[in-house]
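S.K.: Starting off with a structure, shown below.
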Amino acid sequence: MIPLVDDWHLIGTAPDAFLEPTHLANENLKWLPASVPGTVAQSMQSAGQWSLNEPFDFDHQDYWYKTEFSIPADRQSQPTFLHLEGLATLCEVWLNGQCLLKSDNMFLAHQLDISNVVQPENSLYFCFRSVTKALSQRRARPRWKTRLVDKQPLRWFRTSLLGRIPSWMPPVAPVGPWKALALSQSLTPFNISIAPALSGSTGVVRFSCDLNHAVGEKISAKLSVEDAEVTLDLEKSDAGSHVSGELRID
């Protein structure tokens, strides 16, 4: 994993003022250094733009995050994945001008295959849309109301109520890439099957998985349990290779 934690910047804008990253290019915007992973409040506080003594509605605006990263030429052909552990809350992910994800649940993690989008030099943008604007959309009335929050439609969103319960805590709603972000170019297994069994006095572990990798890439795989090890068989598949084998332990 290669953590994406450096050289992030942040800007707050009016809701829907910019619909895609290219619209930001010709504007004279004052970007702030951003802490990633982290929240808008954290970054603004570090930049001296906000403090707990200054009430601020973090749900009212859109927030754009941006960074750039490189992929070495000798690794261009390898499958590349973007790992996003948590995005709070209404987030669009843009890579090199393409919108790859729209997430509306801050508790979900995402793994994006960016192999067909990634370039030697890359621009990555996140846009966290205004929750307040989204709350203004008309929805069915709730059968029961809660007095904990001022905004009843929050029940429609998978987001934290921290910072949104006036009587319990300061109004510091979590907005931003609040959990880890990373790139990976390792072979990522999927369709994993592990089946342990006992044959007399011999322990048997049957294993299989699929691997995404470039056509023609030479790979090998081994299965290890403590000191026992066996080389696994590889067969070509649509994704790359199907890996299987059996390890026996007396």
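S.K.: Ala173 is checked against (1) small (Gly, Ala, Ser); (2) surrounded by 14 or more Cβ atoms within 10 Å (Cβ to Cβ); (3) part of a strand (DSSP E or B) and fails just one. What number does that condition carry?
M.R.: (3)
S.K.: When you go through (1) open to solvent by 50 Å² or more (accessible area, probe 1.4 Å); (2) part of a loop (DSSP other than H, G, I, E, B); (3) within 23 Å of Met106 (Cα to Cα) one by one for Asp238, which number turns out not to apply?
M.R.: (3)
S.K.: What pairs can you find where one residue is in the range 229-241 and within 12 Å of Asp210 (Cα to Cα) and charged (D, E, K, R), the other is open to solvent by less than 100 Å² (accessible area, probe 1.4 Å) and assigned to a strand (DSSP E or B), and their Cβ atoms are less than 6 Å apart, with a gap of 6+ or different chains?
M.R.: Hits for this filter: Asp233/Ser244; Asp233/Gly245; Glu235/His242.
S.K.: For the range 163-211, give me the residue count where each residue is touching a Lys or Arg at 6+ places or on another chain (Cβ under 7 Å), under 28 Å from Val93 (Cα atoms) and hydrophobic (A, V, I, L, M, F, W, C).
M.R.: 1
S.K.: Based on what the data block shows, is Leu187 touching a Leu at 6+ places or on another chain (Cβ under 8 Å), part of a strand (DSSP E or B) and open to solvent by less than 70 Å² (accessible area, probe 1.4 Å)?
M.R.: Criteria not met by Leu187.
S.K.: Another question about this same structure. When the range 57-111 is examined, which residues are found to be outside any strand (DSSP E or B), surrounded by fewer than 17 Cβ atoms within 10 Å (Cβ to Cβ), modelled with pLDDT under 95 and among the polar types (S, T, N, Q)?
M.R.: Answer for the range 57-111, where residues must be outside any strand (DSSP E or B), surrounded by fewer than 17 Cβ atoms within 10 Å (Cβ to Cβ), modelled with pLDDT under 95 and among the polar types (S, T, N, Q): Gln76, Ser77.
S.K.: Can you tell me which of Leu211, Leu148, Leu154, Leu183 is within 27 Å of the chain's Cα centre (by Cα) and closer than 30 Å to Leu52 by Cβ?
M.R.: Leu154
S.K.: When you check Asp104 against the structure, is it of a type in the set (D, E, K, R), within 16 Å of the chain's Cα centre (by Cα) and more than 25 Å from Ile11 (Cα to Cα), yes or no?
M.R.: no
S.K.: Given the residues Thr80, Thr67, which is the only one that is in contact with a His (Cβ under 9 Å, 6 or more places away or on another chain) and β-branched (Val, Ile, Thr)?
M.R.: After applying the criteria, what remains is Thr67.
S.K.: For the range 112-124, how many residues are of a type in the set (A, V, I, L, M, F, W, C), open to solvent by 10 Å² or more (accessible area, probe 1.4 Å) and part of a loop (DSSP other than H, G, I, E, B)?
M.R.: Of the residues in that region, 2 qualify.
S.K.: Of the residues Lys218, Lys133, which single one is open to solvent by 70 Å² or more (accessible area, probe 1.4 Å), within 30 Å of His9 (Cβ to Cβ) and out of contact with any Gly (no Cβ under 9 Å at 6 or more places or on another chain)?
M.R.: Exactly one of Lys218, Lys133 is open to solvent by 70 Å² or more (accessible area, probe 1.4 Å), within 30 Å of His9 (Cβ to Cβ) and out of contact with any Gly (no Cβ under 9 Å at 6 or more places or on another chain), namely Lys133.
S.K.: When you go through (1) loosely packed, with under 14 Cβ neighbours inside 10 Å; (2) among the hydroxyl-bearing types (Ser, Thr, Tyr); (3) without any contact (Cβ under 8 Å) to a residue 60 or more places away in the chain one by one for Thr22, which number turns out not to apply?
M.R.: If we test Thr22 against (1) loosely packed, with under 14 Cβ neighbours inside 10 Å; (2) among the hydroxyl-bearing types (Ser, Thr, Tyr); (3) without any contact (Cβ under 8 Å) to a residue 60 or more places away in the chain, just (3) comes out false.
The values are calculated or read from the model by the stated rules, or taken from the named source; none is laboratory data. As the structure is a prediction and not an experimental result, all values here were calculated from the model. Every residue, glycine among them, receives a Cβ derived from its backbone with ideal geometry; neighbour counts consider all protein chains shown. Areas reflect the complete protein model, heavy atoms only, side chains present, ligands, DNA and RNA absent. Shrake-Rupley method; radii C 1.70, N 1.55, O 1.52, S 1.80 Å.
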